[in-house]
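Novice: Handing you a structure now.
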2 protein chains.
Amino acid sequence: MKLRRRVYVVGGAHTSYLGKFHPDFIWKKHPDFGVRENPTIEETLRDAVQRAFAATGVDPAEIDKGYVGNFVGELFVNQGHMGAMLAAADPKLAGKPLVRTEAACASGGVAVTACVDALQAGYDVALAAGVEIQTTVSAMIGADYLARASHYATEREIDRFTFPCLFARRAKAYKEAFGISREDIAHTVVKAYANGNRNPLAHMQAVKMTHEQASTPSESNPFFLDNELYREHMLISDCSQVSDGASAMILATDEGLARLGIDPSRCTELLSYGQATSPLGVPADPLRLDNSARAARIAFEDAGLSAADVQVAEVHDCFSITEIMMLEALGLAPEGRGASLAAEGHSHIDGRIPVNTGGGLMAFGHPVGATGIKQIVEVFRQMKGQAGDYQIPTPPTHGVTANMGGDDRTTVVTLQRNLA
Amino acid sequence: MKLRRRVYVVGGAHTSYLGKFHPDFIWKKHPDFGVRENPTIEETLRDAVQRAFAATGVDPAEIDKGYVGNFVGELFVNQGHMGAMLAAADPKLAGKPLVRTEAACASGGVAVTACVDALQAGYDVALAAGVEIQTTVSAMIGADYLARASHYATEREIDRFTFPCLFARRAKAYKEAFGISREDIAHTVVKAYANGNRNPLAHMQAVKMTHEQASTPSESNPFFLDNELYREHMLISDCSQVSDGASAMILATDEGLARLGIDPSRCTELLSYGQATSPLGVPADPLRLDNSARAARIAFEDAGLSAADVQVAEVHDCFSITEIMMLEALGLAPEGRGASLAAEGHSHIDGRIPVNTGGGLMAFGHPVGATGIKQIVEVFRQMKGQAGDYQIPTPPTHGVTANMGGDDRTTVVTLQRNLA
């Protein structure tokens with residue numbers, strides 16, 4: 001669907017993405033363990049929303065409609081009804097239409113598409129937020145919760161760690177089909193950590209990762225799957241992080257900007273989105289992210305752009321193999337060549353198409369419901385020269401995001417262009 | 001927001017709403033117990049969607065966008081990512097943009113408002129569905145799951161049965177303020193069961209309820225709260241049902257109807273919606289559903305109608321006191337007089353403003369995510385003379401629905417008018 005009204009990204013913000021190994025995260029090895037506690041989901045969501053208002057100067061009273069992405073708050077923190085929790089993020093939000101969307105790891109992306117539809121419908125200022133708290137339980141229990149993004153009845157049992165195994169299955173098929181190795185894939189991991197190390201909000205800001213570490217099983221970076229068929233295709237370092245965090249942003253139409261007194265030059269334009277959903281429980285091609293490719297095709301067509309036009313990408317790297325395959329789904333790399341972008345430096349911050357400049361899901365972190373929002377804000381920040389130590393030398397004019405839920409079942413692709 | 005494009009309800013359908021005491025529901029007292037099983041969430045959702053396609057003659061390939069309301073599938077059936085489950089309801093839905101919305105008991109209502117926005121945005125045919133499976137666990141565990149619609153951290157502990165107690169608190173305040181009794185309230189319960197007894201899809205189709213039964217604590221209809229302060233203000237018969245079920249409907253624009261080859265005279269028009277959200281964890285006036293009143297005001301204003309214009313209402317009766325208070329929030333009864341509508345026969349099927357003609361949440365049943373869809377389909381069916389044994393003698397020209405999540409935290413009100 002082509003947008004009948006222009007949509008502007010006014011700006012946004014993130015909380016720190018917190019979890020094990022982050023210097024501020026309270027876990028059993030932290031000196032403050034037992035003394036203070038990590039932020040609750042309410043505090044985390046409010047923090048991101050208030051930062052977004054502060055970053056943009058938008059008065060919360062001006063919000064016409066809002067959506068908040070969250071995957072499984074009911075399980076991790078016993079809380080659903082997150083639209084009504086968003087209403088508690090500022091007194092001026094009370095009474096407004098605010099709703100939670102859920103599409104597994106694309107919960108944030110679909111919050112954005114619902115906001116864009118609302119702006120097309122006639123609303124003028126929208127709030128898109130996303131939040132997840134995941135550190136309340138062990139990794140093993142968390143893996144069971146997250147398995148609700150798959151077809152639980154038939155896919156849960158592939159491994160204790162369902163999703164790492166579903167993507168190890170893709171990694172195995174991909175490596176065999178295209179003749180690439182763990183060493184080839186490891187470049188993508190090293191890039192993620194190198195970027196995250198420059199990002200003060202990143203979960204893995206303080207954790208270094210060398211190519212040898214990322215490509216070699218070790219005591220600190222083991223194979224961890226039980227499933228013998230796929231075990232050797234997934235190291236801990238291939239995985240995104242189990243993070244707590246939230247992101248929020250404000251979108252507006254021309255009329256909305258006029259009401260807010262904000263000049264379009266302070267914004268980016270969200271040119272189009274592509275959104276596609278494939279059925280749970282139906283086998284998919286392990287070598288391609290076909291659902292994501294469909295969403296990408298729609299987004300590029302509706303914007304009248306092609307992959308060659310973008311100079312920055314935020315793509316879903318729930319696992320290292322996902323980034324590689326997503327670059328192909330977006331048309332940023334030919335089939336079977338996705339790994340070469342990081343290996344040859346093209347997707348580095350100073351490369352021709354920087355990818356996941358803040359560290360991506362692997363190093364910035366992956367508070368599930370927030371990720372789809374974060375990606376769009378990150379492209380905005382790069383365009384506006386706000387990315388600090390991980391700023392791309394020449395701010396991009398066009399950028400793409402790809403946020404995926406489950407094993408390529410829901411995907412949202414967005415395109416942005418800078419305004420000045 | 002006034003609708004810039006007309007929105008038509010093309011039609012819809014429900015599964016049976018199943019649960020304890022329904023003749024087809026397999027529980028320990030059913031003769032088929034151990035022989036066959038109740039439908040899964042996938043089967044239930046698919047059933048409703050296929051019935052909606054059959055009822056309207058719409059080809060699934062024509063759907064442009066869809067939303068599915070579900071509250072806590074992650075808990076009752078270990079399944080999230082329901083948009084991708086909706087994509088599995090028909091092979092022709094694969095690849096379409098399909099997303100789950102969640103707003104507790106208003107999850108279905110917000111699926112509809114998201115669809116309406118999508119139609120305003122430029123899509124032409126939308127699918128709104130809702131589903132919940134709740135009979136997989138005991139009532140006590142289920143009550144804990146459902147408590148995630150409240151501010152769990154501060155409200156969960158009001159009683160083992162959180163929501164019945166939150167509404168018993170309202171019932172107590174209301175009875176004291178307006179001088180009404182359990183006997184006055186019981187008329188609303190009796191009406192619900194009398195209507196449900198005429199409805200072949202209703203959960204309580206086979207259960208009779210006299211005024212004496214509904215107003216007198218007994219072994220089969222006890223007070224069940226532990227909280228001594230509120231215990232005597234909530235009988236089992238005051239509660240809606242813990243049901244499994246799904247509903248689905250198709251919405252379209254003028255362009256959509258043209259594409260479908262459907263004449264508007266077969267449809268109703270969805271004139272407007274009002275949607276409001278109030279913050280979780282912030283005390284509200286116990287005597288009024290202020291959030292719902294706000295949503296109602298928006299819906300009536302945007303449609304240019306008043307409460308006097310509607311001849312049928314589907315209102316959220318998660319508890320008997322809720323129906324009474326919602327009638328006041330909608331302007332269908334003066335403050336403190338909501339109970340008189342059922343007591344004096346005005347809200348009966350042959351009264352001046354029939355309310356919850358199929359039995360409402362108390363007797364038709366309350367598969368949480370489906371309820372907001374069901375209400376709109378029920379108004380449609382009354383307008384089209386399709387309500388069978390519970391048909392209003394003179395089909396209504398205008399109707400209202402009110403779907404509420406949590407303790408008056410999210411509300412969606414819609415207005416429909418018949419076309420002929």
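The values are calculated or read from the model by the stated rules, or taken from the named source; none is laboratory data. Keep in mind that what you see is a predicted model, and the values were worked out from it rather than measured. Every residue, glycine among them, receives a Cβ derived from its backbone with ideal geometry; neighbour counts consider all protein chains shown.
Novice: Could you pull out the residue among A:Glu155, A:Glu102 that is touching a residue at least 24 places away in the same chain (Cβ under 8 Å) and in contact with a strand residue (DSSP E or B) (Cβ under 8 Å, 6 or more places away or on another chain)? Spell out the reasoning first.
Specialist: Details: A:Glu155 fails: in contact with a strand residue (DSSP E or B) (Cβ under 8 Å, 6 or more places away or on another chain).
Within the list A:Glu155, A:Glu102, the selection yields A:Glu102.
Novice: Condition test on A:Leu3, is it outside any loop (DSSP other than H, G, I, E, B) and in contact with a Leu (Cβ under 8 Å, 6 or more places away or on another chain)? Steps first, answer last, please.
Specialist: Numbers: outside any loop (DSSP other than H, G, I, E, B): no; in contact with a Leu (Cβ under 8 Å, 6 or more places away or on another chain): yes.
Spelling it out, it is not the case that A:Leu3 is outside any loop (DSSP other than H, G, I, E, B) and in contact with a Leu (Cβ under 8 Å, 6 or more places away or on another chain).
Novice: Then there's this: Any residue at all in the range B:222-240 that is more than 14 Å from chain A (Cβ to nearest Cβ), in contact with a Leu (Cβ under 8 Å, 6 or more places away or on another chain), of a type in the set (Ser, Thr, Tyr) and surrounded by fewer than 22 Cβ atoms within 10 Å (Cβ to Cβ)?
Specialist: Scanning the range B:222-240 turns up no residue that is more than 14 Å from chain A (Cβ to nearest Cβ), in contact with a Leu (Cβ under 8 Å, 6 or more places away or on another chain), of a type in the set (Ser, Thr, Tyr) and surrounded by fewer than 22 Cβ atoms within 10 Å (Cβ to Cβ).
Novice: Restricting to the range B:125-159, count the residues that are in contact with a helix residue (DSSP H, G or I) (Cβ under 8 Å, 6 or more places away or on another chain), surrounded by fewer than 21 Cβ atoms within 10 Å (Cβ to Cβ) and among the acidic types (Asp, Glu).
Specialist: Going through the range B:125-159 one residue at a time, the tally reaches 2.
Novice: Can you name every residue in the range B:57-83 that is in contact with a strand residue (DSSP E or B) (Cβ under 9 Å, 6 or more places away or on another chain), in a helix (DSSP H, G or I) and surrounded by fewer than 22 Cβ atoms within 10 Å (Cβ to Cβ)?
Specialist: Of everything in the range B:57-83, those that are in contact with a strand residue (DSSP E or B) (Cβ under 9 Å, 6 or more places away or on another chain), in a helix (DSSP H, G or I) and surrounded by fewer than 22 Cβ atoms within 10 Å (Cβ to Cβ) turn out to be B:Pro60, B:Glu62.
Novice: Now for a separate question. Checking the conditions here, which among A:Gly256, A:Gly261 is farther than 29 Å from A:Thr40 by Cβ and buried (at least 19 other Cβ atoms within 10 Å of the Cβ)?
Specialist: Exactly one of A:Gly256, A:Gly261 is farther than 29 Å from A:Thr40 by Cβ and buried (at least 19 other Cβ atoms within 10 Å of the Cβ), namely A:Gly256.
Novice: Give A:Val77, A:Val35, A:Val58 a once-over and let me know the one that is out of contact with any Cys (no Cβ under 6 Å at 6 or more places or on another chain), at pLDDT 95 or above, hydrophobic (A, V, I, L, M, F, W, C) and more than 29 Å from B:Asn70 (Cα to Cα).
Specialist: Residue meeting the stated conditions: A:Val58.
Novice: Within the range B:84-107, restricting attention to residues that are assigned to a loop (DSSP other than H, G, I, E, B) and within 13 Å of A:Leu280 (Cβ to Cβ), which residue is farthest from the other protein chains (Cβ to nearest Cβ)?
Specialist: Out of the qualifying residues, it is B:Ala89.
Novice: Surrounded by 17 or more Cβ atoms within 10 Å (Cβ to Cβ), among the aliphatic types (A, V, I, L, M) and touching a helix residue (DSSP H, G or I) at 6+ places or on another chain (Cβ under 8 Å): does that describe B:Ala284?
Specialist: No; evaluated as a whole, the condition is false for this residue.
Novice: Take the conditions under 11 Å from B:Tyr67 (Cβ atoms), surrounded by 24 or more Cβ atoms within 10 Å (Cβ to Cβ), more than 12 Å from chain A (Cβ to nearest Cβ) and within 22 Å of the chain's Cα centre (by Cα) and apply them to B:Ala111. Does it pass? Talk me through it step by step, then tell me what you get.
Specialist: Values: under 11 Å from B:Tyr67 (Cβ atoms): yes; surrounded by 24 or more Cβ atoms within 10 Å (Cβ to Cβ): yes; more than 12 Å from chain A (Cβ to nearest Cβ): no; within 22 Å of the chain's Cα centre (by Cα): yes.
Considered against the rule, which asks whether it is under 11 Å from B:Tyr67 (Cβ atoms), surrounded by 24 or more Cβ atoms within 10 Å (Cβ to Cβ), more than 12 Å from chain A (Cβ to nearest Cβ) and within 22 Å of the chain's Cα centre (by Cα), B:Ala111 comes out as no.
Novice: Every residue in the range A:116-144 that is over 19 Å from A:Thr101 (Cβ atoms), in a helix (DSSP H, G or I) and without any contact (Cβ under 8 Å) to a residue 40 or more places away in the chain, please.
Specialist: Across the range A:116-144, the qualifying residues are A:Met140, A:Ile141, A:Ala143, A:Asp144.
Novice: Can you go through B:Ala171, B:Ala258, B:Ala186, B:Ala206 and tell me which one is farther than 21 Å from B:Asp159 by Cα, among the small types (Gly, Ala, Ser), outside any loop (DSSP other than H, G, I, E, B) and within 23 Å of the chain's Cα centre (by Cα)?
Specialist: After applying the criteria, what remains is B:Ala186.
Novice: Just checking, does the range B:212-226 include any residue being modelled with pLDDT of 95 or more, closer than 26 Å to B:Ala149 by Cβ and assigned to a strand (DSSP E or B)?
Specialist: Yes, because at least one residue in the range B:212-226 is modelled with pLDDT of 95 or more, closer than 26 Å to B:Ala149 by Cβ and assigned to a strand (DSSP E or B).
Novice: Also, I was wondering about something else. Being in contact (Cβ under 8 Å) with a residue 40 or more places away in the chain and within 7 Å of another protein chain (Cβ to nearest Cβ) is the filter; apply it to the range B:48-83 and report the residue that is nearest to the chain's Cα centre (by Cα).
Specialist: Looking at residues that are in contact (Cβ under 8 Å) with a residue 40 or more places away in the chain and within 7 Å of another protein chain (Cβ to nearest Cβ), I get B:Phe71.
Novice: Could you tell me whether the range B:235-252 includes any residue that is in a loop (DSSP other than H, G, I, E, B) and more than 17 Å from B:Lys374 (Cα to Cα)? Steps first, please.
Specialist: First, the residues of the range B:235-252 that are in a loop (DSSP other than H, G, I, E, B): B:240-243.
With more than 17 Å from B:Lys374 (Cα to Cα) added as a condition, the list becomes none.
The answer is no, given that none of the residues of the range B:235-252 is in a loop (DSSP other than H, G, I, E, B) and more than 17 Å from B:Lys374 (Cα to Cα).
Novice: Somewhere in the range B:145-152, is a residue in contact with a strand residue (DSSP E or B) (Cβ under 8 Å, 6 or more places away or on another chain), at negative phi, in a loop (DSSP other than H, G, I, E, B) and not aliphatic (A, V, I, L, M)?
Specialist: So far as the range B:145-152 goes, no, none of its residues is in contact with a strand residue (DSSP E or B) (Cβ under 8 Å, 6 or more places away or on another chain), at negative phi, in a loop (DSSP other than H, G, I, E, B) and not aliphatic (A, V, I, L, M).
Novice: Please determine, by comparing only the residues of the range B:360-405 that are in contact (Cβ under 8 Å) with a residue 24 or more places away in the chain, at positive phi and out of contact with any Phe, Trp or Tyr (no Cβ under 7 Å at 6 or more places or on another chain), which one is surrounded by the most Cβ atoms within 10 Å (Cβ to Cβ).
Specialist: It comes out as B:Gly360.
Novice: Can you tell me how many residues in the range B:167-220 are touching a strand residue (DSSP E or B) at 6+ places or on another chain (Cβ under 6 Å) and aromatic (Phe, Trp, Tyr)?
Specialist: Just the residues of the range B:167-220 that are touching a strand residue (DSSP E or B) at 6+ places or on another chain (Cβ under 6 Å), to begin with: B:167, B:201, B:217.
Narrowing the set further to residues that are aromatic (Phe, Trp, Tyr) leaves B:167.
Total meeting the criteria: 1.
Novice: Which one of A:Arg100, A:Arg5 is farther than 17 Å from A:Val242 by Cβ, touching an Asp or Glu at 6+ places or on another chain (Cβ under 9 Å), of a type in the set (Lys, Arg) and surrounded by fewer than 20 Cβ atoms within 10 Å (Cβ to Cβ)?
Specialist: A:Arg5
Novice: Evaluate the following for A:Ser272: is it within 14 Å of another protein chain (Cβ to nearest Cβ), of a type in the set (S, T, N, Q) and either crowded, with 24+ Cβ neighbours inside 10 Å or part of a strand (DSSP E or B) (or both)? Walk me through it before giving the result.
Specialist: On the way: within 14 Å of another protein chain (Cβ to nearest Cβ): yes; of a type in the set (S, T, N, Q): yes; either crowded, with 24+ Cβ neighbours inside 10 Å or part of a strand (DSSP E or B) (or both): yes.
Spelling it out, A:Ser272 is indeed within 14 Å of another protein chain (Cβ to nearest Cβ), of a type in the set (S, T, N, Q) and either crowded, with 24+ Cβ neighbours inside 10 Å or part of a strand (DSSP E or B) (or both).
Novice: Still on this structure: Give the residue, chosen from A:Ala149, A:Ala153, A:Ala143, A:Ala173, that is at pLDDT 95 or above, touching a His at 6+ places or on another chain (Cβ under 6 Å) and of a type in the set (A, V, I, L, M).
Specialist: Answer to the check: A:Ala149.
Novice: Inside the range B:294-328, can you point out the residues that are among the small types (Gly, Ala, Ser), within 19 Å of B:Thr371 (Cα to Cα) and either assigned to a loop (DSSP other than H, G, I, E, B) or within 14 Å of chain A (Cβ to nearest Cβ) (or both)?
Specialist: Residues satisfying the conditions are B:Ala295, B:Ala296, B:Ala299.
Novice: Of all residues in the range B:21-47, how many are within 21 Å of the chain's Cα centre (by Cα) and under 28 Å from B:Gly83 (Cα atoms)?
Specialist: 10
Novice: Provide a single number: the residues in the range B:377-412 that are assigned to a loop (DSSP other than H, G, I, E, B) and small (Gly, Ala, Ser).
Specialist: 3
Novice: So is A:Ala88 crowded, with 22+ Cβ neighbours inside 10 Å and within 16 Å of A:Gly372 (Cβ to Cβ) or not?
Specialist: no
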